[in-house]
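Enquirer: Below: one structure in structure tokens.
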There are 2 protein chains.
Amino acid sequence: MKFSEINLLDELKRPELADLHNIFHQRAVAKGAIAFHPDADENLVFIIASGRVRIYLGFEDKEFTLGVLEAGDLYSTHAGCFAQALEESSLLVTDVQSVKRCMSEVPLFNRTMVRVLGQILNNSFSIIGSLAFQDIYSRLTAFLYKEALRTGVQTDEGTELRLAVTTEQLSQHMGATRQTVSTLLNNLVREGIMQKRGRSAWLIPDMEALRQQAQQ
Amino acid sequence: MKFSEINLLDELKRPELADLHNIFHQRAVAKGAIAFHPDADENLVFIIASGRVRIYLGFEDKEFTLGVLEAGDLYSTHAGCFAQALEESSLLVTDVQSVKRCMSEVPLFNRTMVRVLGQILNNSFSIIGSLAFQDIYSRLTAFLYKEALRTGVQTDEGTELRLAVTTEQLSQHMGATRQTVSTLLNNLVREGIMQKRGRSAWLIPDMEALRQQAQQ
């Protein structure tokens, strides 16, 4: 999940925006530390200056990763999510009021926000799909894992799996419609657990990640 | 779920934006009709000119409402959602390329997008919470429904329920943490099924809607 294309950081460095840059203060976050909790009172917006920050929903012992933000991405603390530094990271932080100024002066601000929100929304739809079809999802990933163990070919990039069945046949095997199985396969791709390599051909970069999905 | 505050429609009517207004074409949608399917090839953006449009995820026989858009709200067709007119509606439709022009000329465009995406994201988090705790959620709503039937007071606005237990006690009763029960109660409020009226006091506008939650 890569969000960065145009970089908000470069934009903010423009000399004419020096005033604007000053409303942000820098905050260092150690690897593994939670930068923001969903129940914090502060209503802040942060830009990733360096490092990577995982955005996730956490309920009791369950966690759902919504995305990994990289340099130039921004997000807010009042969205009900946890923000965890995956590596030593540096954040530019400011309050929501100050951001409203940025919004008019730096159009890239809103565009970056739309892009990040769109990505996170997309991932949340994947999570909803997986949860709504937990049964079928577990059976599908268990089937793919077993097939990859049995017939997969090891390569430098991971395990290559060539399915001997069509999506139609796979759906019948799972007792689900073709559309549901397609949706769940797309979810696996979006989550980076599988990569499509052609008709019925897949790459599984990390077999352990697939196995964990099957056990949920 | 009301999205509208500042109105993009008014903005687009400004005389200096006449050119911009012309890139949109109007599309009428009958009450109950699906305006857009998630698997459509078209990559469009639409603004609600009049009426109300429900945005939802649909999988087999399951539907999850993400929000109801009103006049001045905008959304895109490539987000994997269904868009259904809840009443006779009129949409202003254009392709994504044309919208990129709007984005720089009409800052309100992106701001509206951020607001709508934020709301839909918020609702998707509620859905994830409810699905992840389906068990507790069903038991909680079943408990609230029974209590409201037993002790609720009928008013013009709905059924008033005064709980004799604290959230702490309610959590123990459900075998969940206080935080999970709070989250699920917040979900019920966000979905409009309950309204908070004070400490342990709630209004249930529609008992049937609460009953349906309990049965999921």
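Enquirer: Select from the stretch B:70-81 the residues that are crowded, with 19+ Cβ neighbours inside 10 Å and in contact with a Phe, Trp or Tyr (Cβ under 6 Å, 6 or more places away or on another chain) and write down the one among them that is farthest from residue B:191 (Cα to Cα).
Expert: Result: B:77.
Enquirer: Is it the case that residue B:197 is open to solvent by 60 Å² or more (accessible area, probe 1.4 Å), among the basic types (Lys, Arg) and assigned to a helix (DSSP H, G or I)?
Expert: Taking the combined requirement at face value, the residue does not satisfy it.
Enquirer: So if I check each of B:29, B:45, which one is within 14 Å of another protein chain (Cβ to nearest Cβ), more than 20 Å from residue B:122 (Cα to Cα) and crowded, with 18+ Cβ neighbours inside 10 Å?
Expert: Being within 14 Å of another protein chain (Cβ to nearest Cβ), more than 20 Å from residue B:122 (Cα to Cα) and crowded, with 18+ Cβ neighbours inside 10 Å holds for just one of B:29, B:45, which is B:45.
Enquirer: Across the stretch A:48-67, what is the number of residues that are among the charged types (D, E, K, R) and within 12 Å of chain B (Cβ to nearest Cβ)?
Expert: 4
Enquirer: Scan the stretch B:93-126 for residues that are open to solvent by 10 Å² or more (accessible area, probe 1.4 Å) and more than 13 Å from every other protein chain (Cβ to nearest Cβ) and jot them down.
Expert: Matches in the stretch B:93-126: B:95, B:97, B:98.
Enquirer: When you go through A:129, A:192 one by one, which is the residue that is open to solvent by 30 Å² or more (accessible area, probe 1.4 Å), of a type outside the set (S, T, N, Q) and closer than 30 Å to residue B:132 by Cα?
Expert: On inspection, the qualifying residue turns out to be A:192.
Enquirer: Determine, yes or no, whether residue A:187 is touching a strand residue (DSSP E or B) at 6+ places or on another chain (Cβ under 7 Å) and within 22 Å of residue B:134 (Cβ to Cβ).
Expert: No, not satisfied.
Enquirer: Open to solvent by 50 Å² or more (accessible area, probe 1.4 Å) and touching a Phe, Trp or Tyr at 6+ places or on another chain (Cβ under 9 Å) - does that describe any residue in the stretch A:137-157?
Expert: No: zero hits.
Residues checked against (1) over 22 Å from residue A:106 (Cβ atoms); (2) within 15 Å of the chain's Cα centre (by Cα); (3) not in a helix (DSSP H, G or I):
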position	(1), (2), (3)
B:90	yes, no, yes
B:98	yes, no, no
B:103	no, no, no
B:111	no, no, no
B:115	no, yes, no
B:118	no, yes, no
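Enquirer: Do you know which of the residues in the stretch A:48-64 that are out of contact with any Asp or Glu (no Cβ under 6 Å at 6 or more places or on another chain) and basic (Lys, Arg) is surrounded by the fewest Cβ atoms within 10 Å (Cβ to Cβ)?
Expert: Ranking the qualifying residues of the stretch A:48-64, first place goes to A:62.
Enquirer: Could you check the stretch B:59-84 and list, in sequence order, the residues that are assigned to a strand (DSSP E or B), under 15 Å from the mean Cα position of the chain (by Cα) and either within 14 Å of residue B:46 (Cα to Cα) or not small (Gly, Ala, Ser) (or both)?
Expert: Across the stretch B:59-84, the qualifying residues are B:63, B:64, B:65, B:66, B:68, B:69, B:74, B:75, B:82, B:83, B:84.
Enquirer: Related question: Could you say which residue among B:76, B:50 is at negative phi, in contact (Cβ under 8 Å) with a residue 40 or more places away in the chain and out of contact with any Lys or Arg (no Cβ under 9 Å at 6 or more places or on another chain)?
Expert: After ruling out the rest, the residue left standing is B:50.
Enquirer: From B:141, B:183, grab the single residue that is more than 14 Å from chain A (Cβ to nearest Cβ) and touching a residue at least 24 places away in the same chain (Cβ under 8 Å).
Expert: The unique qualifying residue is B:141.
Enquirer: Still on this structure, I have one more. Checking residue A:121 against (1) more than 19 Å from residue A:55 (Cα to Cα); (2) without any contact (Cβ under 8 Å) to a residue 24 or more places away in the chain, which single condition isn't satisfied?
Expert: (1)
Enquirer: If I go through the stretch B:161-181 residue by residue, how many of them are under 25 Å from the mean Cα position of the chain (by Cα), buried (at least 16 other Cβ atoms within 10 Å of the Cβ) and in a helix (DSSP H, G or I)?
Expert: Residues that pass the stated criteria total 2.
Enquirer: Follow-up question, since we're still on this one. I'm told residue B:70 meets every condition in (1) free of Cβ contacts under 8 Å to residues at least 60 places away in the same chain; (2) more than 11 Å from chain A (Cβ to nearest Cβ) except one. Can you identify the failing condition by its number?
Expert: (1)
The values are calculated or read from the model by the stated rules, or taken from the named source; none is laboratory data. In this text, all values refer to a predicted model and were calculated from it rather than measured experimentally. Here the Cβ is made from the backbone with ideal geometry for all residues, glycine too, and neighbour counts use every protein chain on show. Surface accessibility is based on the protein's heavy atoms, side chains included, excluding ligands, DNA and RNA. Shrake-Rupley method; radii C 1.70, N 1.55, O 1.52, S 1.80 Å.
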